[in-house]
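Have a look at the structure below before the remarks.
The values are calculated or read from the model by the stated rules, or taken from the named source; none is laboratory data. These figures come from a predicted structure and were not determined experimentally. Every residue, glycine as well, gets a Cβ built from its backbone with ideal geometry; the counts of neighbours run over all protein chains shown. Protein only, heavy atoms only, side chains kept; ligands, DNA and RNA dropped before computing areas. Shrake-Rupley method; radii C 1.70, N 1.55, O 1.52, S 1.80 Å.
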Amino acid sequence: MPHRPKIILDCDGVCGDFITPVTRAANFIMGRTDLTPKLVDQWEMTKSYGMDATQKAALFRIISAPGFCASLRPYPGAVMGIREIATFADVHVATFPWDGDYWHRERELWCRDVLGIPRFRVAQLSAKELMTEGDVLVEDKAETLVEWNHAKRRHAGTALPILFARPWNRRSGWTGSEVETWPQLVNLLKRRFT
């Protein structure tokens, strides 16, 4: 049987729209209505919003509350893109594990029910560079791609790190592969693996 590549997808910022509900919560906490996802121009979103420590803690409580993770919407093209990629590759999700009693299970169910990715292909970890078995990592944080790429080289593996371009990573200095849409990602992976 020929080798099927392993594609690792970050969840928030690549598959799921985390920033829109976070922006709604930030508006609520700060008593504002003018914050939009387009204002997030750096990785630490709370800095983009000008949140103080108390407001940041309130935001993190909302993110960790039951139902928040389950309520996220997939980005346009994500579900169909994942289905198409799954025809020629094994698709996995690597996602940051927020604190709280509900996030972990809600994320597994969200990946299964929304993205069609089974629980055994969902890894919740903050050190994505540990996932050196993957052939591709698609991520919206450039620093994570750099760390993963270095780890892959230490394990003598070939790697294709891909930045999913978002407003918050525009100033990252990333010079590797980059996509802005799901169709672009699917086409890039098809050219590489089919």
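Spelling out what I want: for every residue of the stretch 177-194, take phi, set θ = phi - 60°, compute 6.51 cos²θ - 1.76 cosθ + 1.60 (Karplus), and round to whole Hz; glycine and proline get x.
3J(HN,Hα) across the stretch 177-194, in whole Hz: 5, 8, 10, 10, 9, 5, x, 4, 5, 4, 4, 4, 5, 4, 4, 7, 10, 10.
With N residues in the chain, what two-decimal value do you get for its Cα radius of gyration over 2.2 N^0.38 Å?
Details: Rg = 16.7 Å, N = 194, 2.2 N^0.38 = 16.3 Å.
The chain yields a ratio of 1.03.
Whose amide H sits under 5 Å from the amide H of VAL122, counting only residues 5 or more places off or on another chain, with H placed in the peptide plane?
VAL93
For the chain, what proportion of DSSP beta bridges, expressed in % and rounded to the nearest 5, is antiparallel?
In the chain, approximately 10 percent of DSSP beta bridges are antiparallel ones.
Quick one: grab Rg to one decimal and Dmax as a whole number for the stretch 37-95, Cα atoms only, in Å.
Values for the stretch 37-95 (Cα only, Rg and Dmax): 16.0, 47 Å.
Dimensions of the stretch 12-67 along principal axes (Cα, Å, largest first)?
29, 27, 19
Using a 7 Å offset from Cα along Cα-Cβ at ASP101, what residues in the stretch 51-94 end up with backbone N under 17 Å from the label point?
61-70
Counting other C-beta atoms within 10 Å, and keeping those with at most 14, which DSSP coil trypsin sites (Lys or Arg not before Pro) do you find in the stretch 1-92?
The qualifying sites are ARG32.
Rg and Dmax of the stretch 145-194 over Cα atoms: what are they, in angstrom?
12.1, 33
Ignoring any ligand, DNA or RNA, what whole percent of the accessible area of the chain comes from carbon and sulfur when the probe is 1.4 angstrom?
53 percent
Given DSSP loops and a limit of at most 13 other Cβ atoms within 10 Å, what is the longest stretch of the chain that contains no such GluC sites (Glu not before Pro)? Could the numbers behind the result be given before it?
Values: sites that count: GLU44, GLU133, GLU180.
Longest site-free region, per DSSP loop and neighbour criteria: 45-132.
Mind giving me the nanometre distance, one decimal, between the label points for ARG4 and THR194, set 7 Å out from Cα along Cα→Cβ?
With each label placed 7 Å out from Cα toward Cβ, I get 1.4 nm.
Using only the Cα atoms of the stretch 102-194, build the gyration tensor, take square roots of its eigenvalues as a ≥ b ≥ c, and label the shape rounded, prolate or oblate: rounded if a/c is under 1.5, else prolate if a/b is larger than b/c, else oblate.
Working: a/c = 1.42, a/b = 1.28, b/c = 1.11.
Taking the square roots of the gyration eigenvalues as a ≥ b ≥ c, the stretch 102-194 is rounded.
log10 I(q)/I(0), Debye, Cα-only the stretch 1-111, no solvent, q = 0.09, 0.10, 0.14, 0.18 Å⁻¹?
-0.29, -0.35, -0.63, -0.94
Determine ³J(HN,Hα), in whole Hz, for all residues of the stretch 90-106 in sequence, where each value follows from phi through the Karplus function 6.51 cos²θ - 1.76 cosθ + 1.60 and θ = phi - 60°; x replaces Gly and Pro.
Taking θ as phi minus 60°, the curve returns 8, 9, 10, 10, 10, 9, 5, x, 5, 5, x, 7, 10, 4, 4, 5, 4 Hz for the stretch 90-106.
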